[in-house]
Amino acid sequence: MGNKVGRALRRGTALGLALAGVWGLSLTVDFGDAGERLETSLAVKLLTAQMGELPGTEKGLTGWGRLLLETSPLLAAGEEEVLALRGAEDSQGPEAPEVPEDPDGEEDLEEPDLRPAPEGEGIVEMTGQGKEGSQYLRDGQVYVYNRTGLELDASLLQEGTVDVSLGEGPQILILHTHGSEAYSMTDGDLYEESDPYRTTDCTHNVVRVGEEMATVFRAYGFQVIHDTTLCDYPAYNGAYDRSKAVAEQWLEQYPTIQVVLDVHRDALVGSQGEIYKMVSTEAGEKVAQVMMVLGTDAGGAAHPRWKDNLAFALTLQRSLVKGYTSLARPTVLRKSRYNQQLSPGSILVEVGGHGNTLSEAIAGGRLWADCAARTLLELKE
């Protein structure tokens, strides 16, 4: 009996202190709507901790919330707005997870610090898709992620001219600024690492993916030069300068080259170090997603025809979103030029990420090249 009386006294004291605190706060500080919600929340938490939950959820409030509102005219006056706000938040549901940013940074000039996934956590699968608002520009099902810092709108996606005139002689150049980039070894594709997720063995790195893509283009009758120079080895810094020299050499030797594809793989790491791989299921097969990256003059370097490069990439992207479920990630627009000032038919192509397997990357790269080849044939006609 004594315990029950003591418990009742403690609960009564808690109720009195909570109500006094709310009343005192309401007299001394005016926080507006946010203050009303804060007062209710603090008091309810105090009471629940001391006295447990009260039954009753009328108008969407717990028993303690209802009791507090009835004792405070200030809180009661804002009840309808609080309930409306709560209803709006509930109706929105949880947000879709964001695709993590790649650790290469805005300019891709410094070597990323890639490490194996935390033990026991494995690799997280994700499908990259565009969305309304934020930094995305949209034209139908085509999305462009604006990472330039420029104020751009969707009208940009109708600008530029596709200047790709395919004639006789070599027409397509495939090269690799970061050719030693490799994939996860989780499918049994083992290789000797030069650095984490990198190898100089071109049967296991992104150069292998480039050769598979070249094979597809050749099957459609295109003449392709595939340069297998590892521009990022033994030094990562300066890789874009070296790949620029490679591209200039081939463009000078064969002025017929109209399409320059710098093939990479992405690197996607979450805030806790988890590794993401970008996948799509096409015709029942799990393949790596492919993303095109376009440079601009936003970084200050001259690139007068970047909108023409973008127009060409968007022509390919429109074909991709029609032909495949989700093979194409949103196209990304960035500050740097990525040597694309050399030709209006230049694109940086990211095939999968370091969490993908080589077999997934090969499959995704071949599908992308197949669609691109058919689109180029249409342009040729």
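Rule-based calculations on the coordinates, nothing more; no lab input. Since we're looking at a predicted model, the values are computed, not measured. A quick note on method: Cβ atoms are made from the backbone with ideal geometry, for glycine too, and the neighbour counts reach across all protein chains shown.
Examine the stretch 332-346 for a residue that is closer than 21 Å to Glu211 by Cβ and of a type in the set (Val, Ile, Thr), and state whether such a residue exists. Scanning the stretch 332-346, I find no residue that is closer than 21 Å to Glu211 by Cβ and of a type in the set (Val, Ile, Thr), so the answer is no. Listed by first and then second residue, the pairs linking a residue in the stretch 296-320 that is among the hydroxyl-bearing types (Ser, Thr, Tyr) to a residue that is outside any loop (DSSP other than H, G, I, E, B), with Cβ atoms under 6 Å apart and 6 or more places separating them unless they lie on different chains, are Thr296/Trp306; Ser319/Cys371; Ser319/Thr375.
Taken together, the residues in the stretch 336-364 that are within 24 Å of Asp187 (Cβ to Cβ) and either surrounded by fewer than 22 Cβ atoms within 10 Å (Cβ to Cβ) or touching a Lys or Arg at 6+ places or on another chain (Cβ under 9 Å) (or both) amount to 14.
Scanning the stretch 347-374 for residues that are aliphatic (A, V, I, L, M) and either more than 19 Å from the chain's Cα centre (by Cα) or assigned to a loop (DSSP other than H, G, I, E, B) (or both) yields Leu358, Ile362, Ala363, Leu367, Ala369, Ala372, Ala373. Go through Leu333, Leu367 for me and flag whichever is surrounded by 24 or more Cβ atoms within 10 Å (Cβ to Cβ), under 24 Å from Gly133 (Cβ atoms) and touching a helix residue (DSSP H, G or I) at 6+ places or on another chain (Cβ under 9 Å). Selected residue: Leu333, the only one of Leu333, Leu367 that is surrounded by 24 or more Cβ atoms within 10 Å (Cβ to Cβ), under 24 Å from Gly133 (Cβ atoms) and touching a helix residue (DSSP H, G or I) at 6+ places or on another chain (Cβ under 9 Å).
Restricted to the stretch 325-346, and to residues there that are of a type in the set (A, V, I, L, M, F, W, C) and under 16 Å from Phe312 (Cα atoms), the residue that is nearest to the chain's Cα centre (by Cα) is Val332.
When the stretch 168-193 is filtered for residues that are of a type in the set (Val, Ile, Thr) and either surrounded by fewer than 23 Cβ atoms within 10 Å (Cβ to Cβ) or assigned to a strand (DSSP E or B) (or both), the ones remaining, listed by number, are Ile172, Ile174, Thr186. Determine, yes or no, whether Leu377 is surrounded by fewer than 20 Cβ atoms within 10 Å (Cβ to Cβ), part of a helix (DSSP H, G or I) and in contact (Cβ under 8 Å) with a residue 40 or more places away in the chain. So Leu377 fits the description; yes. Scanning the stretch 286-308 for residues that are more than 16 Å from Leu152 (Cα to Cα) and under 22 Å from the mean Cα position of the chain (by Cα) yields Lys286, Val287, Ala288, Gln289, Val290, Met291, Met292, Val293. Among strands (runs of 3 or more DSSP E) entirely within the stretch 241-289, having at least 1 residues that are without any contact (Cβ under 8 Å) to a residue 60 or more places away in the chain singles out 275-282.
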